[in-house]
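The structure appears below as structure tokens.
The values are calculated or read from the model by the stated rules, or taken from the named source; none is laboratory data. What you see is a predicted model; the values in this text were computed from it and never measured. In this analysis, Cβ positions are derived from the backbone assuming ideal geometry, glycine residues included, and neighbour counts consider all displayed protein chains. Surface accessibility is based on the protein's heavy atoms, side chains included, excluding ligands, DNA and RNA. Shrake-Rupley method; radii C 1.70, N 1.55, O 1.52, S 1.80 Å.
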Amino acid sequence: MARIELSGINKSYGASRALRDLNLVVEDGEFFVLLGRTGAGKTTTLRMIAGLEKPDTGSVSIGDHDVSGWTAAERDVALVLQQYSLYPRLTVRGNLEFPLRAPGRKFSDAEIKARVEKAATTLQITHLLDRKVERLSGGEMQRVSIGRAIVRQPSVFLMDEPLSALDAKLRESLRVELKKLHSDLGATFLFVTHDQVEAMSMGDKIGVLRQGRLVQVGTPADIYERPLNTFVARSVGSPPMNLIDGRLSGGMADLGKFQLPVAANARGEGAVTFGIRPENVVLAPGAPGEARIFDIEDQGVVKILVMDMGDARLHVTVPAGTHVQRDEVVRFGWKADRVVTFDKESGANLALG
Amino acid sequence: MAEVKTKGEVIFNRAAIVAVLIALVIMLTPIFWIGATAFKPRNLATTAPPTVFFEPTLSPFAKLFTKRSQLREPVDEATYAAAPWWEQLIYDGGESVVRNKKTGEATSSGYGNRYMNSLIVSIISTFLAVSMGTITAYGFSRFRVPGEQDWLFFILSTRMLPPIVVAIPMFLMYRAVGLYDTHVGLIILYTAFNLSFAVWIMKGFIDEIPREYEEAALVDGYTRLQAFRKIVLPEALTGIAATAVFCFITAWNEYAFALMMTSRNAQTAPPYIPSQVGSGLSDWTVIASGAFLFLLPVAIFTFLLRNHLLRGMSFGAIRK
């Protein structure tokens, strides 16, 4: 049982406030992703749970225990970092054994050997066991890091951007492996990243952090389809949600030169910000919208069009077979039921307000 | 893959080798001279031009460690034959060993004791300065110390005065508290000299060790102290070696305070060597042998730590 609960956490470093009144619950066995930019407080949150950092106020509990006063060693969590988490003087085996040989733990040599072998097999690094850490590739290093985390069989895994230093292909394959590992181990994972693709593809739940505040917590679908505000809307999706200022009246979105329909239940009146995902914009001859194509990104499966519409710039995802050219003027509409309305001032999602 | 060098690089490399050789000759000549003189018979020590080829003798060393007096008439053969080899060397130079009137034992010159004093004081003060410096540097590097910058400046400021400026107050204080002419007194003094240096150098080295290593160990179940011992110390070894060599050299070579703060009991070797110049007719071979022996510990210490020093002397400027 390893439910993590942070309540009322505040943390400042000198004048800068790293975390403001943070409340967060990660359920037992959940794969929770904290998403945020550099300096949003993701790493600080993780370090508080690990016991490497003490909150100014608030409490941390893991399982049934308030661990606020516990040292890192007592908390029985495992930590995987982006880099520098392997000891350079040891072999891979030495690194894997290191947590098991900690003075407080009494493992027999046979037990240690068995656990190391098992972790190595799980991560397919058996052939690397006797190699020096300096001679590993980036991907191998991260595998060993993860291995060092799993040998102890802790109930909580904390991962601080473990894939960020790797190249794209490796990142993808390790993403899949991490998810598999999570389902095999059944442990609680807290994964910190600035990469929304990682967040969306791995998380059971995502928490979006901004300037030390937790903005929204939800499943990837929640976050993607029902963002709490324009910040979350722009945080996920690639390209992110289009935000267009306009006026809402009588079930129509007035975007200046033309009008597009919105769903009847759309909230708000007057000046609002409309949000529409790139894949929900549709090119169609005779549609009311008009824009000029500024750039075309061919991604194989789809094309991403960057279109100029007056002052606004619109990203649109269209099937790869669509024939368009730069500077071509196209007509478009959108899926009315997918339009999200935000308060123009606060950026809050009017449907959730 | 073979490294391809352009013509310009080859010329540059050769020029660099020549430059290094010239520098080496300039720097090593005095050391060679001292070394050669230490093994010369007295009559060859001051020839002009200098004698380069000669039959080496240990007689300067025999003289170095004993108190001697000039022989008025040559020693008789039976006494000569019965004397140990080192005493024969002294007789060869026209001198005899001064003997204790009661016990008949040869009187020591005191150089051996002073040498031992130098070793004791330098080794212990180096050990203290480096170990305290490393721990202090670790604290400054890893924890938020209130007023950290001020403290570090304060520590450094102890090096801003030429040490000799405080010699008189130190002398008076030492005499008042009974530290005058004691090993402990010199050890405290040299540790204090070297500590600020050790803190600053070690802080540079420890700052370069990613704290992630220790944090991983902390999470893995190690205490701060265990993480320090298992992770930080091995990583900092290079810096520790470099710092230790510098501290040892400073303590080993220190002259002014050793001269003022000590006399019979705790005096180190540096003040002894010049005291032999000009007492009567200077025997340069004895002075050279004293200086030669004095060179050895630093040379050996540096040689033993050379692998660490190659990386350490760049003060952590070369990253892995």
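Tabulated values for the structure
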quantity	calculated
Amide H contacts of A:PHE31 (H built 1.01 Å from N, under 5 Å, at least 5 apart or other chain)	A:PHE189, A:ASP204, A:LYS205
Efficiency of FRET between B:THR107 and B:LEU225 - r from beta-carbon atoms, R0 60 angstrom, step 0.05	0.70
Positive dipole terminus of the range B:111-312, leading residue within B:LEU233, B:ILE123, B:LEU179 (C-beta point charges)	B:LEU179
Whole-percent carbon and sulfur share, accessible surface of the protein assembly as shown, 1.4 Å	59
Viscosity 1.002 mPa s, temperature 20 °C, Stokes-Einstein D of the range A:240-343 from Kirkwood C-alpha radius, µm²/s	155
In the range B:38-81, chymotrypsin sites (Phe, Trp or Tyr not before Pro) in a DSSP loop with at most 12 other beta-carbon atoms within 10 Å	B:PHE53
Euclidean distance of C-alpha centroids, the range B:128-186 and the range A:200-265, integer Å	62
Candidate aspartates and glutamates for bridging to A:LYS344, where Cα separation is under 15 Å - those fewer than 8 sequence places away on the same chain excluded	A:ASP245, A:ASP254, A:GLU269
For chain B: rounded, prolate or oblate by the Cα gyration tensor [a/c cutoff 1.5]	oblate
Accessible area (Å², per residue) of chain B, counting only protein heavy atoms and a probe of 1.4 Å	58
Theoretical gain in end-to-end length, A:VAL282 to A:ALA264 [0.36 nm per residue, Cα-Cα removed]	4.5 nm
Cα convex hull of the range A:1-115 - mean projected area over all directions, nm²	9.0
Part-to-part distance (alpha-carbon centres) for the range B:31-67 and the range A:318-349, which is given in Å	96
Solvent-accessible area buried by A and B, counting both chains, probe 1.4 angstrom, square angstrom	1900
Gyration tensor verdict on chain A (Cα atoms; rounded if a/c is under 1.5, prolate if a/b is larger than b/c, oblate otherwise)	prolate
Cβ-Cβ FRET estimate between A:ARG105 and A:SER137, R0 fixed at 35 Å, reported to 0.05	0.70
Cα long-axis angle, helix A:138-150 against chain A (0 to 90 degrees, to the nearest 10)	60
Helix axis angle, A:109-122 relative to chain A longest principal axis, alpha carbon, degrees	20
In degrees, nearest ten, helix A:168-185 long axis to first principal axis of chain A (Cα)	60
Accessible area (Å², per residue) of the range A:240-343, counting only protein heavy atoms and a probe of 1.4 Å	51
Cα centroid of the range A:1-55 to Cα centroid of the range A:157-181, whole Å	21
Label-point separation in nm, A:GLN153 to B:LEU304, each point 7 Å along Cα→Cβ	4.7
Of the DSSP H helices in chain B, those whose Cα atoms cover at least 27 Å axially and whose Kyte score averages 0.0 or more	B:7-37, B:111-142, B:183-207, B:233-253, B:284-304
Cα gyration tensor category, rounded, prolate or oblate, for the protein assembly as shown with a/c compared to 1.5	prolate
Reduction of at least 10 Å² in accessible surface, 1.4 Å probe, comparing all protein chains with the chain by itself, residues of the range A:61-75	A:ALA72, A:ALA73
Length added when fully stretched, A:GLN211-A:LEU185, from 0.36 nm per residue minus Cα-Cα	6.1 nm
Of B:THR57, B:THR126, B:THR268, the one that fluctuates the most in a GNM where chain B has Cα springs shorter than 10 Å	B:THR57
Using θ = phi - 60° and Karplus 6.51 cos²θ - 1.76 cosθ + 1.60, couplings along the range A:18-27 (whole Hz; Gly, Pro as x)	7, 9, 10, 6, 8, 10, 8, 10, 10, 6
Label-point separation, A:ASP222 to B:GLN149 (7 Å along Cα→Cβ), nm	4.5
Pair B:THR182, A:THR71: separation of 7 Å Cα→Cβ label points (nm)	3.7
Nearest-0.05 FRET efficiency for B:ILE164 and A:SER173, computed from C-beta distance (R0 56 Å)	0.25
